[in-house]
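Chemist: Provided herewith is a single structure, encoded as structure tokens, for subsequent inquiry.
The values are calculated or read from the model by the stated rules, or taken from the named source; none is laboratory data. Every value quoted in this text rests on a predicted model; they were computed, and no experiment measured them. Here Cβ is always computed from backbone atoms with ideal geometry, including for glycine, and neighbour counts include all displayed protein chains. The area values use the complete protein model at the heavy-atom level, side chains included, leaving out ligands, DNA and RNA. Shrake-Rupley method; radii C 1.70, N 1.55, O 1.52, S 1.80 Å.
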Protein chains: 2
Amino acid sequence: MSYPREQSIQQATEVFWLKGYLGTGMRDLQTALDKRPGSIYSAFGSKEGLYLEVLNHYTGVLHGQIMAVANSDTPLQQLREFLRFPLTVEDSAAHKIQCLIVKTQADWAELPEGVKSELQAALAHLREAFQAVILKARSTGELAADIPVERAAMWVQGQFIAMRTLATSVESPASLSWMVDKIVSDLSGEWTQ
Amino acid sequence: MSYPREQSIQQATEVFWLKGYLGTGMRDLQTALDKRPGSIYSAFGSKEGLYLEVLNHYTGVLHGQIMAVANSDTPLQQLREFLRFPLTVEDSAAHKIQCLIVKTQADWAELPEGVKSELQAALAHLREAFQAVILKARSTGELAADIPVERAAMWVQGQFIAMRTLATSVESPASLSWMVDKIVSDLSGEWTQ
DNA sequence: TAATTATTTGAACGATCGCTCAAATTTAAC
DNA sequence: GTTAAATTTGAGCGATCGTTCAAATAATTA
């Protein structure tokens, strides 16, 4: 049950991903969901409430993907494929290259308090998943035993952000796949304490 | 002459940096510049016109800083200090941790065409400066002779973005200085063609 | 000082913003 | 089939958006 609610969240995700939190108007959402304002407000309370559900759903999916990487037998190989994925979206969905969380975070000073705290929580939650990947790769021997786990997790998150941000400003995102290789390679590089 | 114009641009930079392009209202600018709308419009034409001057000024300063790194005798050492700088801003200016260009770029789909093209140009311009740093470091022997210059320049730009983005979501940005060391270290790492 | 030009002022315009709520409609319960 | 509850509708609210322009003021020239 409550199927149309899930559908509304997916349609709203499209809009927020394309236009950002500030850039998205209630009228954009009304069009995308094909619902009148009253329906949206009775279902989600406010624009912020709808966005928070979108963010929660988005983060959950992404977290699941990263945990699947962590739970595989060859986490480092799987991480490579995970990182490459955003570079393969078709032109018509170019807005999906950038991470929705990072995109929203750029408007920081103008965001409602509830959105700010949930963004922080989402980033921390995903960082935990990256940490699980590092830990697993260490246990399989794909990474050295003395790798600083927390730093490496944050670093991977940073690389994820860097690659996707650069990819949005380049003609052909797929041409950046060398960056994926360098990320995996640098993971085994120097980690001076 | 035209001193107050320069001053207006600096004050407007503060506001755009803090609130982003979409998040900044003409009334915010009127307050910051202590000017009435007519004055601003006669001087800059529009909100977009004022932003473009801000962007141009900002890019010029940043470009100059990177070229100074390139023109030093120890470019790699200077690059380290350049990268560390955004991590040292005081709490009261936390918005300056993130790069103004990257911040604006996040609102991509909602930006006027003129702003979009100037943002692309600014990123390309700064990439050229990073390229000059790589070239110089290669000539001083700080970097290997076979480093792929264009890719390395883009990669450094990506690391610059990653570090500053992560730094905005962390309690103490200065605690990320290990990331600067890793960037410099990874520059000498693997660059598989 | 008087005349001319350049700049600044600020009330106000039309458009859009997030959001409300009484009324209409659909769904569920008996 | 009737009634009650839940959901949807959409006109429209007050606030704010970027912008305009006739009038007032300041700066320059004669």
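Chemist: Mind checking which residues of the stretch B:7-39 are part of a helix (DSSP H, G or I) and within 9 Å of DNA strand D (Cβ to nearest atom)?
Modeler: B:TYR21, B:LEU22, B:GLY23, B:MET26, B:ARG27, B:ASP28, B:LEU29, B:GLN30, B:PRO37, B:GLY38, B:SER39, listed by residue number.
Chemist: Which residues, counting only those in the stretch A:99-127, are free of Cβ contacts under 8 Å to residues at least 24 places away in the same chain and either under 15 Å from the mean Cα position of the chain (by Cα) or farther than 19 Å from B:ALA167 by Cβ (or both)?
Modeler: Answer for the stretch A:99-127, where residues must be free of Cβ contacts under 8 Å to residues at least 24 places away in the same chain and either under 15 Å from the mean Cα position of the chain (by Cα) or farther than 19 Å from B:ALA167 by Cβ (or both): A:GLN105, A:GLU113, A:GLN120, A:ALA121, A:ALA124.
Chemist: If you take the residues in the stretch A:134-155 that are small (Gly, Ala, Ser) and either outside any helix (DSSP H, G or I) or more than 14 Å from chain B (Cβ to nearest Cβ) (or both), which one is surrounded by the fewest Cβ atoms within 10 Å (Cβ to Cβ)?
Modeler: A:ALA145
Chemist: Continuing with the same structure: Is there a residue in the stretch B:31-49 that is closer than 30 Å to A:ALA94 by Cα, aliphatic (A, V, I, L, M) and either surrounded by 19 or more Cβ atoms within 10 Å (Cβ to Cβ) or away from DNA strand C (no atom under 16 Å from the Cβ) (or both)?
Modeler: no
Chemist: Only residues that are in contact (Cβ under 8 Å) with a residue 40 or more places away in the chain and within 12 Å of DNA strand C (Cβ to nearest atom): list them for the stretch A:13-30, please.
Modeler: Once the filter is applied, which keeps residues that are in contact (Cβ under 8 Å) with a residue 40 or more places away in the chain and within 12 Å of DNA strand C (Cβ to nearest atom), the stretch A:13-30 yields A:PHE16, A:GLY20, A:TYR21, A:LEU22.
Chemist: Which members of the stretch B:156-175 meet the condition of being of a type in the set (A, V, I, L, M, F, W, C), within 12 Å of chain A (Cβ to nearest Cβ) and touching a residue at least 24 places away in the same chain (Cβ under 8 Å)?
Modeler: The answer is B:VAL156, B:PHE160, B:ILE161, B:MET163, B:ALA167.
Chemist: Considering only residues of the stretch A:59-71 that are without any contact (Cβ under 8 Å) to a residue 60 or more places away in the chain and open to solvent by less than 50 Å² (accessible area, probe 1.4 Å), which is farthest from DNA strand D (Cβ to nearest atom)?
Modeler: A:GLY64
Chemist: On to the next question. Taking the criterion of being away from DNA strand D (no atom under 16 Å from the Cβ) and part of a helix (DSSP H, G or I), would at least one residue in the stretch A:45-53 satisfy it?
Modeler: Yes, the conditions are met somewhere in the stretch A:45-53.
Chemist: Which members of the stretch B:54-108 meet the condition of being more than 25 Å from B:GLN30 (Cα to Cα) and part of a loop (DSSP other than H, G, I, E, B)?
Modeler: Residues satisfying the conditions are B:ASN71, B:SER72, B:ASP73, B:THR74, B:VAL89, B:GLU90.
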